[in-house]
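Beneath this line is the structure, given in structure tokens, with notes to follow.
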Amino acid sequence: MNTAYSFKIYSSTAQLPEKWDDLAVSTIFLSKKYLQVLEKSSPENMICNFIGIFDNEILVGIALSQFLDLIALESFGERDKCIKTAVRNIIFRNFASHVLVIGNNMLTGQNSFALSNAVDNKGAMQALHAATSELKKIFKSKGIKIHITTYKDFDKKEIKNFDIPEFQNDYQFSTQPNMVFSINEKWQSEQDYIESLSKKYRDQYKRARKKAALVEKRKLHLEDIIALEDTIYELYFHVAKNAPFNTFFLPKNHFRVFKEIFKDKFLFYGYFINEKLIGFNTLIKNGEVMDTYFLGYDESIQREKMLYLNMLYDMIAYSINKNFKEIIFARTALEIKSSVGAKPVKMFGLMDHSSKIVNLYLPKIFKYLEPETVWQERNPFK
């Protein structure tokens, strides 16, 4: 079997091969449409490239890369003001500010590459490794030295693709889990979900719904998103900058562009009190899977109205009604997602530093790069 695959690197979606979408079946996040969203509205400190892997002239693999310039960020996260944060910021600026991600830094899960069924996996992964080396040369020719190269986000079965000599010196790390909510096939409605909860968590549900009695939820269309763009961005930015750690901020036009391109596959829900937008959440239909996306809210109202918890219940209700199989709740807020029934799926990645010396210390340095979260898993079901 010929396993010497070639690759091509593209800097715009207009250059992508005609058959690109034939391979983007495992996830919408490798489709041309989604890559156009990135092209038109990716974060300011991000440069996206697209990789095609070929067997002679036949496209057998596709991948996404994102270059992140962390020095361009005004804040890595403002929540944790402490010596560890100061140390982390020094490490970043000097040793880790130029990051090349093979995958998608804005999402959780295997959205980095897709291969055809007929492909030789080892050969394809060797081609992906070669394409990554070529990307580093391209950035170097522009005066940008890549500090860290990372491949993300894989479950324990997917990470086995990297068991080849090309990746043996990379540091394998485990990040915060991906919170995945599996929808019981017996559930026909939100009521079925509520009845499957134990008393404590049914009470939590009732309390949350009661608190938000005066909050009106509305599905927003493109013209609404455009009209409310400034408020939407304020609400998003408030949540984003209070995260423990950031590598990017979305541009203001991001949700508008997403809606323009994806139409009904991108859902935008606004939450209002007396006609004032106080929060929003977004969902993406990804085959049989519902992916949760970015959200925003007014913190003072969020606490009082249990808005975030209500959003989680709304996402669950919608996904049950529309016969989705699971909801990807992603990282962050692990405990509250666990309290509605999401389960943690351990995720892995690979990391390599341009300095051999730094590479030796990556296991120690990584503790500063990835803030550890201590949380307790809940089981809300009977």
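The values are calculated or read from the model by the stated rules, or taken from the named source; none is laboratory data. From a predicted model like this one, the values you see are computed outputs, not experimental measurements. Please note: Cβ atoms are built from the backbone with ideal geometry, for glycine as well, and neighbour counts cover all protein chains shown. With ligands, DNA and RNA removed, areas are computed over all heavy atoms of the protein, side chains included. Shrake-Rupley method; radii C 1.70, N 1.55, O 1.52, S 1.80 Å.
Some observations on this one:
- In terms of accessible area, using a 1.4 Å probe and ignoring ligands and nucleic acids, Lys252, Lys356 rank largest first as Lys356, Lys252.
- Restriction of the chymotrypsin sites (Phe, Trp or Tyr not before Pro) in segment 120-198 to DSSP coil positions whose beta-carbon has at most 15 other beta-carbons within 10 angstrom yields no sites.
- Heavy atoms of Lys32 accessible to a 1.4 Å probe, total area in Å² rounded to 10: 50
- In segment 212-298, the inverse of the mean reciprocal separation of distinct Cα atoms equals 13.4 Å; this is its Kirkwood hydrodynamic radius.
- Space enclosed by the convex hull of the alpha-carbon atoms of segment 142-186, per residue, Å³: 147
- Excluding exposed DSSP-loop GluC sites (Glu not before Pro) (at most 16 other C-beta within 10 Å), longest clean stretch of the chain: 79-184
- Value in Å of the Kirkwood radius, where the chain supplies the Cα pairs that are averaged: 22.1
- Working note: Cα gyration tensor of segment 6-168, eigenvalues times five, square-rooted, sorted largest first, giving semi-axes of 29, 17, 16 Å.
- Pairwise FRET efficiency - Glu275 versus Lys367, Cβ, R0 = 45 Å, nearest 0.05: 0.45
- Exceeding the 24 Å Cα-Cα cut-off - candidates Lys211/Lys276; Lys152/Lys305; Lys137/Lys259; Lys206/Lys252: Lys152/Lys305; Lys137/Lys259; Lys206/Lys252
- Dimensionless Rg/Rh of segment 319-382 - Kirkwood Rh, Rg from C-alpha atoms: 1.15
- Most simply put, the chain has about 90% antiparallel DSSP beta bridges, counting only bridges with both residues inside it.
- Once both labels are positioned 7 Å from their Cα atoms along Cα-to-Cβ, the gap between Val345 and Lys211 label points is 2.9 nm.
- Measuring nothing but protein heavy atoms, the accessible surface of segment 244-340 at 1.4 Å probe radius is 49 percent carbon and sulfur.
- Bridge orientation summary for segment 6-168: considering DSSP beta bridges with both residues in this region, about 85 percent are antiparallel.
- Whole-number D in µm² s⁻¹ for segment 179-345, Kirkwood Cα-pair radius fed into Stokes-Einstein, 10 °C, 1.306 mPa s: 96
- Annotation: per residue accessible area for the chain equals 48 Å², rounded to a whole number [probe 1.4 Å, protein chains only].
- The aspartates and glutamates within cross-link reach of Lys285, meaning a Cα-to-Cα straight distance under 13 Å and a gap of 8 or more places when in the same chain, are Asp264, Glu326.
- Computed over segment 185-260, the Cα gyration tensor eigenvalues convert (square root of 5λ each) into semi-axes of 32, 18, 14 Å, ordered from largest to smallest.
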